[in-house]
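A.B. asks: Below is a structure I'd like to ask you about.
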């Protein structure tokens, strides 16, 4: 398996031109300090460049948003190339959703249990630790960006704490010449009757509980949806002692063979899938293809589920009787939705990916079409942690290059090859695991679509069919799906599918729903005082 | 889509929808053309204020009171469809000078037929218990109402459609058909339509439609932002706004102006406005504007400090230099009618406008004199010749 590896920390040419942020500042004389930071005692020395940056008004060379596989890689790579980096993340500790792990404050000798690519993470974490110690990276944990704006060619990130009822600690504003957006994504949800009952979780939510708290969400479970992510979730549940009655895959995995180019491009992924398949066999978990969980039963909480056989289009087969199973946990995995808020807020161009997700358009170097804004990870197209880490590293190197640090072209090209290969694989997986075309036929008018505003499928159908709502935005305005606390993060995809009436989603279906000027909620009090003492 | 109609309405916002409904009901055949989606412009980027309280005596107030009668009269049976609520307005003044201004305005408004109750400082809490202490005075306007503007638009269009009108979205008018001076139809990207009358209800974009006929209608955009909070238990019961709001609606300043308007919605969210800027159609979200709106709102409702803001939106009020709409026949281009430029009052004024215009289109003398809204009042300058 040849994937982008964390490379040795680069040693930049001492004669390198100044970084972008210094072009207006005092002339040259700048010396890249002897990075990497972990080399002997040099790491703790305060270097003159750092002090100059402070004097120039605390503008970082780059702010990286997100400390998952992509963001961590980007931040570490850019900092090791001599750039001054701010790293902002909602979590208390790095790793993102993929490497979510128990509290590092407590001793967990087996903290990597159930993780994938854990060594990759610990290496990144070690490098980050050294860079933070050496003053190369400043990390802002438990912070979310609620607003981003560009003023005088400097990006301003307005931060709020992720802790409810705690005042946001200073600084509430981080300024940087460049931005790397690595906000990751979250589980895509697809309503079926009963999906709003307690006991129904996203596959990612089940996984997060297992990884961060070693906690099992139920005793008897069905894992349903589509895509390879169902397997590790089922395996994790079974290994933790839950009885997994079935993994229901809505598509047929023989579909993998239909895109041979993509499927063979990352042989390691195939092996991973085989390992999971083996583990499921050991736990006696049946894997059912072309089967969907079409209805969740229960009063007050989940007590059962209906499993239905599907035809190629995703319609429930009338010739096969549905099966009713008794469960207390349903884990749905329908793929992921990238977090597009920041991409949209900076005005970067978006596109619809193979899996019908709205994603950021990037060039082969991870640049968006907005100057000095880069994107890496799921936000450029859902493709998993290895791809995300490769994109992050590529973004970090490109960034260094664009800031005037010489970077070996061969290193960039090698990363680009890896990214392309994983991207092809991801595309093949997406093509093999689409949301079933006839999914909407499993629904009733009473099926809840938007839980925040309690909008049913029938209410959206009515504004579409009777009031003439011709697109998702109009349906949202008239029936209120996506107008509540989650701002359509949960129901946006389903609303777009319902108003598109079976056709493939386009940018115009998704982009208006992804526009959220406040990229995270902020209190009126914080908004009223933002930037005080700044301007 | 009809290929010929008595009336072609350009624009499916609240005003276009009201024109379509009243014209259809008057027995005319109507075709609505909309380049985007229904309520896609300012009608989906506003607050649904149906105010009389912010208006001085004059033609706009006459139209507001007339509209109020339409909303609460013949349209009352549909009130539930568009979340119509007679919640009343409460205008507050912080200083004694402000209080004097408020009382003086009330005297003038009473003379013009508005119901106003003076609220002394110690009675304000009876109306709005969460308002800040220490306000100097308030005035209660029971005629101020609220409606959900997208539902108003969608249901008026549905009603018009069910009564025989055509509504075509995704259809752009690219030119007007002429017979000599006369406008006799429209050219669209989906073919030509002939019409006895063409109504320009294009809101903030009405100037562009007028230009197709070679006439000038100086409707310009005035940008505004609104903040939307998380849903809350009942906290704000009226439309609450600061006395300075009245002055700012009538101002023509270019720079940022903010004045507080706060109201809750049927969904439990609180809408916090308002701002005014003349920046063209710039859609950049302005943090200084949002910050100022928030800061001013907190001076009235300090207890909202920890309330989350979920989103903001912006819209472009269609305004004319004299802050009056353009309603009626355009003698410079016979056959062309206008119903646009209602600035920040378009939802409230839509139904009065629609009813009056439908009367005029049917050859009936309108209930209200339309002369103050005459399209040619800004000068009959011809922009350019438009080929037939």
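A.B. asks: Is it the case, given these coordinates, that residue B:236 is at pLDDT 95 or above, farther than 21 Å from residue B:15 by Cβ and within 14 Å of chain A (Cβ to nearest Cβ)?
C.D. replies: Values: at pLDDT 95 or above: yes; farther than 21 Å from residue B:15 by Cβ: yes; within 14 Å of chain A (Cβ to nearest Cβ): yes.
It is true that residue B:236 is at pLDDT 95 or above, farther than 21 Å from residue B:15 by Cβ and within 14 Å of chain A (Cβ to nearest Cβ).
A.B. asks: Of all residues in region B:161-175 being touching a strand residue (DSSP E or B) at 6+ places or on another chain (Cβ under 8 Å) and within 14 Å of another protein chain (Cβ to nearest Cβ), which is surrounded by the fewest Cβ atoms within 10 Å (Cβ to Cβ)?
C.D. replies: Filtering region B:161-175 down to residues touching a strand residue (DSSP E or B) at 6+ places or on another chain (Cβ under 8 Å) leaves B:161, B:164-168, B:171-175.
If we keep only those that are within 14 Å of another protein chain (Cβ to nearest Cβ) too, we end up with B:161, B:165-168, B:171.
Details: B:161: 19, B:165: 25, B:166: 20, B:167: 22, B:168: 16, B:171: 22.
Filtering region B:161-175 for residues that are touching a strand residue (DSSP E or B) at 6+ places or on another chain (Cβ under 8 Å) and within 14 Å of another protein chain (Cβ to nearest Cβ), the one surrounded by the fewest Cβ atoms within 10 Å (Cβ to Cβ) comes out as B:168.
A.B. asks: Go through region A:161-260 and tell me which strands (runs of 3 or more DSSP E), entirely inside it, have 1 or more residues that are touching a residue at least 24 places away in the same chain (Cβ under 8 Å) and under 21 Å from residue A:387 (Cα atoms). Step through it out loud before you land on a result.
C.D. replies: Values: elements: A:173-181, A:185-187, A:200-202, A:220-225, A:243-249.
Counting at least 1 such residues, we get A:173-181, A:185-187.
A.B. asks: Quick check on residue B:325: is it within 23 Å of the chain's Cα centre (by Cα), away from chain A (no Cβ under 11 Å) and under 30 Å from residue B:364 (Cα atoms)?
C.D. replies: Details: within 23 Å of the chain's Cα centre (by Cα): yes; away from chain A (no Cβ under 11 Å): yes; under 30 Å from residue B:364 (Cα atoms): yes.
Yes: the conditions hold for residue B:325.
A.B. asks: Here is a further query. Of the residues A:445, A:471, which is modelled with pLDDT under 95 and not assigned by TED's automatic domain parsing to the domain that holds residue A:200?
C.D. replies: A:471
A.B. asks: Determine whether region A:254-276 contains at least one residue that is surrounded by 18 or more Cβ atoms within 10 Å (Cβ to Cβ), at pLDDT below 95 and more than 20 Å from residue A:382 (Cα to Cα).
C.D. replies: Looking for residues that are surrounded by 18 or more Cβ atoms within 10 Å (Cβ to Cβ), at pLDDT below 95 and more than 20 Å from residue A:382 (Cα to Cα), one finds at least one in region A:254-276, hence yes.
A.B. asks: Quick check on my filter: what residues within region A:423-442 are over 15 Å from residue A:493 (Cβ atoms) and within 18 Å of the chain's Cα centre (by Cα)? Give the derivation first.
C.D. replies: Restricting attention to region A:423-442, the residues satisfying the condition of being over 15 Å from residue A:493 (Cβ atoms) are A:423-429, A:431-432, A:438, A:441-442.
If the condition is that a residue be over 15 Å from residue A:493 (Cβ atoms) and within 18 Å of the chain's Cα centre (by Cα), then A:423, A:425, A:426, A:427, A:429 are the ones that fit.
A.B. asks: What pairs come up if the first residue lies in region B:8-19 and is outside the structural domain of residue B:197 (by TED's automatic domain parsing) and in contact (Cβ under 8 Å) with a residue 60 or more places away in the chain, the second is surrounded by fewer than 24 Cβ atoms within 10 Å (Cβ to Cβ) and not in a loop (DSSP other than H, G, I, E, B), and their beta carbons are under 9 Å apart, counting only those six or more places apart or on different chains?
C.D. replies: none
A.B. asks: Moving on to the next point. Return the total of residues in region A:436-471 being buried (at least 20 other Cβ atoms within 10 Å of the Cβ) and within 10 Å of chain B (Cβ to nearest Cβ).
C.D. replies: 7
A.B. asks: Report, by residue number, each residue of region A:101-160 that is buried (at least 20 other Cβ atoms within 10 Å of the Cβ) and within 14 Å of chain B (Cβ to nearest Cβ).
C.D. replies: The answer is A:144, A:145, A:146, A:147, A:148, A:155, A:156, A:157, A:158, A:159, A:160.
A.B. asks: For residue A:525, work out the one condition from (1) surrounded by fewer than 20 Cβ atoms within 10 Å (Cβ to Cβ); (2) in a helix (DSSP H, G or I); (3) in contact with a helix residue (DSSP H, G or I) (Cβ under 8 Å, 6 or more places away or on another chain); (4) away from chain B (no Cβ under 12 Å) it doesn't fulfil.
C.D. replies: For residue A:525, the failing item is (4).
A.B. asks: Being facing chain A (nearest Cβ under 8 Å) and over 30 Å from residue B:364 (Cβ atoms) narrows it down to one of B:283, B:311, B:317, B:278, so name that one.
C.D. replies: Working: B:283 fails: facing chain A (nearest Cβ under 8 Å); B:317 fails: facing chain A (nearest Cβ under 8 Å); B:278 fails: facing chain A (nearest Cβ under 8 Å).
After ruling out the rest, the residue left standing is B:311.
A.B. asks: Here is a further query. Which one of B:177, B:212, B:131, B:193 is closer than 30 Å to residue B:109 by Cα, at pLDDT 95 or above and over 23 Å from the mean Cα position of the chain (by Cα)? Break it down stepwise before answering.
C.D. replies: Values: B:177 fails: closer than 30 Å to residue B:109 by Cα; B:212 fails: closer than 30 Å to residue B:109 by Cα; B:193 fails: closer than 30 Å to residue B:109 by Cα.
One residue alone meets the criteria, B:131.
A.B. asks: With the condition kept exactly as written, say whether any residue in region B:254-268 is in contact (Cβ under 8 Å) with a residue 60 or more places away in the chain, within 14 Å of chain A (Cβ to nearest Cβ) and surrounded by fewer than 22 Cβ atoms within 10 Å (Cβ to Cβ).
C.D. replies: Taking region B:254-268 first, the residues in contact (Cβ under 8 Å) with a residue 60 or more places away in the chain are B:261, B:263, B:265-266.
Right, trim to within 14 Å of chain A (Cβ to nearest Cβ) and you get B:265-266.
If we keep only those that are surrounded by fewer than 22 Cβ atoms within 10 Å (Cβ to Cβ) too, we end up with B:265-266.
Yes: region B:254-268 contains one or more residues that are in contact (Cβ under 8 Å) with a residue 60 or more places away in the chain, within 14 Å of chain A (Cβ to nearest Cβ) and surrounded by fewer than 22 Cβ atoms within 10 Å (Cβ to Cβ).
A.B. asks: Restricting attention to region B:23-82, which residues are within 13 Å of chain A (Cβ to nearest Cβ) and assigned to a loop (DSSP other than H, G, I, E, B)?
C.D. replies: B:34, B:35, B:36, B:37, B:38, B:39, B:40, B:41, B:45, B:46, B:48
A.B. asks: In region B:188-217, what residues are surrounded by fewer than 17 Cβ atoms within 10 Å (Cβ to Cβ) and in contact with a helix residue (DSSP H, G or I) (Cβ under 9 Å, 6 or more places away or on another chain)? It would help to see each step written out before you state the result.
C.D. replies: Applying the first criterion (surrounded by fewer than 17 Cβ atoms within 10 Å (Cβ to Cβ)) to region B:188-217 yields B:189-192, B:194, B:196, B:208, B:211.
The one that is surrounded by fewer than 17 Cβ atoms within 10 Å (Cβ to Cβ) and in contact with a helix residue (DSSP H, G or I) (Cβ under 9 Å, 6 or more places away or on another chain): B:196.
A.B. asks: Given the structure, is residue A:485 in contact with a helix residue (DSSP H, G or I) (Cβ under 6 Å, 6 or more places away or on another chain) and facing chain B (nearest Cβ under 10 Å)?
C.D. replies: On the way: in contact with a helix residue (DSSP H, G or I) (Cβ under 6 Å, 6 or more places away or on another chain): no; facing chain B (nearest Cβ under 10 Å): yes.
Answer is no for this residue.
A.B. asks: Another question, if that's okay. Being away from every other protein chain (no Cβ under 14 Å) and free of Cβ contacts under 8 Å to residues at least 40 places away in the same chain narrows it down to one residue among B:158, B:187, B:178, B:182; which is it? Quick ask: steps written out before the conclusion?
C.D. replies: On the way: B:158 fails: away from every other protein chain (no Cβ under 14 Å); B:178 fails: free of Cβ contacts under 8 Å to residues at least 40 places away in the same chain; B:182 fails: free of Cβ contacts under 8 Å to residues at least 40 places away in the same chain.
Within the list B:158, B:187, B:178, B:182, the selection yields B:187.
A.B. asks: Ok, one more. With A:414, A:389, A:400, A:395 as the choices, which residue is modelled with pLDDT of 95 or more and either touching a strand residue (DSSP E or B) at 6+ places or on another chain (Cβ under 8 Å) or part of a loop (DSSP other than H, G, I, E, B) (or both)? Full working, then the answer.
C.D. replies: On the way: A:414 fails: either touching a strand residue (DSSP E or B) at 6+ places or on another chain (Cβ under 8 Å) or part of a loop (DSSP other than H, G, I, E, B) (or both); A:389 fails: either touching a strand residue (DSSP E or B) at 6+ places or on another chain (Cβ under 8 Å) or part of a loop (DSSP other than H, G, I, E, B) (or both); A:400 fails: either touching a strand residue (DSSP E or B) at 6+ places or on another chain (Cβ under 8 Å) or part of a loop (DSSP other than H, G, I, E, B) (or both).
Testing whether each residue is modelled with pLDDT of 95 or more and either touching a strand residue (DSSP E or B) at 6+ places or on another chain (Cβ under 8 Å) or part of a loop (DSSP other than H, G, I, E, B) (or both) leaves just A:395.
A.B. asks: Determine if region B:219-230 includes at least one residue that is more than 17 Å from the chain's Cα centre (by Cα), surrounded by fewer than 23 Cβ atoms within 10 Å (Cβ to Cβ) and away from chain A (no Cβ under 14 Å).
C.D. replies: In the first step, residues of region B:219-230 are kept if they are more than 17 Å from the chain's Cα centre (by Cα); the result is B:227-230.
Those still in the list that are surrounded by fewer than 23 Cβ atoms within 10 Å (Cβ to Cβ) too: B:228, B:230.
After this cut, where a residue has to be away from chain A (no Cβ under 14 Å) as well, the list is none.
Within region B:219-230, none of the residues are more than 17 Å from the chain's Cα centre (by Cα), surrounded by fewer than 23 Cβ atoms within 10 Å (Cβ to Cβ) and away from chain A (no Cβ under 14 Å).
A.B. asks: Same structure again: Answer yes or no: is there a residue in region B:136-147 that is within 14 Å of chain A (Cβ to nearest Cβ), modelled with pLDDT of 95 or more and touching a helix residue (DSSP H, G or I) at 6+ places or on another chain (Cβ under 9 Å). Spell out how you get there, then give the answer.
C.D. replies: Looking only at region B:136-147, we keep the residues that are within 14 Å of chain A (Cβ to nearest Cβ), and these are B:147.
When the remaining residues are screened for being modelled with pLDDT of 95 or more, the result is B:147.
Narrowing further to those that are touching a helix residue (DSSP H, G or I) at 6+ places or on another chain (Cβ under 9 Å): B:147.
Scanning region B:136-147 turns up at least one residue that is within 14 Å of chain A (Cβ to nearest Cβ), modelled with pLDDT of 95 or more and touching a helix residue (DSSP H, G or I) at 6+ places or on another chain (Cβ under 9 Å).
A.B. asks: I'm trying to understand the selection: among the residues of region A:130-146, which are part of a loop (DSSP other than H, G, I, E, B) and within 16 Å of residue A:59 (Cβ to Cβ)? So that I can check it myself, show each step before the final result.
C.D. replies: Of the residues in region A:130-146, the ones part of a loop (DSSP other than H, G, I, E, B) are A:134-136, A:141-142.
A:135, A:136, listed by residue number.
The values are calculated or read from the model by the stated rules, or taken from the named source; none is laboratory data. Nothing here was measured: the structure is a model prediction, and the numbers come from that model. In this analysis, Cβ positions are derived from the backbone assuming ideal geometry, glycine residues included, and neighbour counts consider all displayed protein chains.
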